[in-house]
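What follows is a single structure, written as structure tokens, with notes after it.
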Amino acid sequence: MTQIAEPPVTPLISESALADRVRVLGEQIQKDYANRELVIVSVLKGSFLFAADLVRAIDLPMRIEFFGVRSYGAATVSSGEVQITLDLTRPITGADVLVIEDIVDTGLTLTYILEQLRARGPRSVNVCALLHKPSRAVKPVSIDYLGFTIEDVFVVGYGLDYAERHRNLPYVGVLDQPPKKP
Ligand code: 5GP
């Protein structure tokens, strides 16, 4: 099989640090959502690994939905103009929704997602994000459950990509040749 050379990635958050944090988040969510009708909304593609691990750390009855959005494409410009690429399969009216996001950067994508979901009449909408870059915030968004706060670096791995690559890395790392910002 031909190997394609990838730009090097420097590890930032190890596999075991991710697993430890996911376990703690799962315990918190399990406590907070006991006796409620939990609907997980995993935002694709970036949150797929985080969501897969997190739901296994929450011992509660739940429904799992996927919401596909495209914000960056191959470039890295967050315009806030988000395209829905995959919609929920069922209504969320009256449900306690927990949105699972990979990373909150400017906050524009999450703001758009929350507007879309709130318009569908859920009982509550909370957010669980793996990563947050507070230094880049444009729209303030409240994150109810947060994995890690990071500096303004471009990260890949554990679901996060650069031009669709690196999603399968089991850890979060910094791309050594970061994509240029506008
Ligand atoms: P925002 O709208 O908050 O600026 O951007 C959120 C989205 O941008 C994330 O869901 C993710 O797809 C992408 N993004 C932001 N920062 C990074 C990063 O450091 N690495 C990767 N791979 N994607 C990022």
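Among what's in the stretch 133-144 and is of a type in the set (Gly, Ala, Ser) and within 13 Å of the ligand (Cβ to nearest atom), pick the residue that is surrounded by the most Cβ atoms within 10 Å (Cβ to Cβ). Step through it out loud before you land on a result.
Just the residues of the stretch 133-144 that are of a type in the set (Gly, Ala, Ser), to begin with: 135, 137, 142.
From what's left, within 13 Å of the ligand (Cβ to nearest atom): 135, 137.
On the way: Ser135: 10, Ala137: 14.
Result: Ala137.
Specify which of the listed residues (Gly173, Gly147, Gly121) is buried (at least 19 other Cβ atoms within 10 Å of the Cβ), at pLDDT 95 or above and away from the ligand (no atom under 13 Å from the Cβ). Explain how you work it out, then say what you get.
Working: Gly173 fails: away from the ligand (no atom under 13 Å from the Cβ); Gly121 fails: buried (at least 19 other Cβ atoms within 10 Å of the Cβ).
Among Gly173, Gly147, Gly121, only Gly147 is buried (at least 19 other Cβ atoms within 10 Å of the Cβ), at pLDDT 95 or above and away from the ligand (no atom under 13 Å from the Cβ).
What is the number of the single condition among (1) in contact with a helix residue (DSSP H, G or I) (Cβ under 6 Å, 6 or more places away or on another chain); (2) within 26 Å of Gly173 (Cβ to Cβ); (3) away from the ligand (no atom under 12 Å from the Cβ) that Arg56 does not meet?
Answer for Arg56: the failing condition is (1).
The values are calculated or read from the model by the stated rules, or taken from the named source; none is laboratory data. Everything numeric in this text was worked out from a predicted model, so none of it was measured. Positions of Cβ are backbone-derived with ideal geometry, glycine not excepted, and every protein chain shown enters the neighbour counts.
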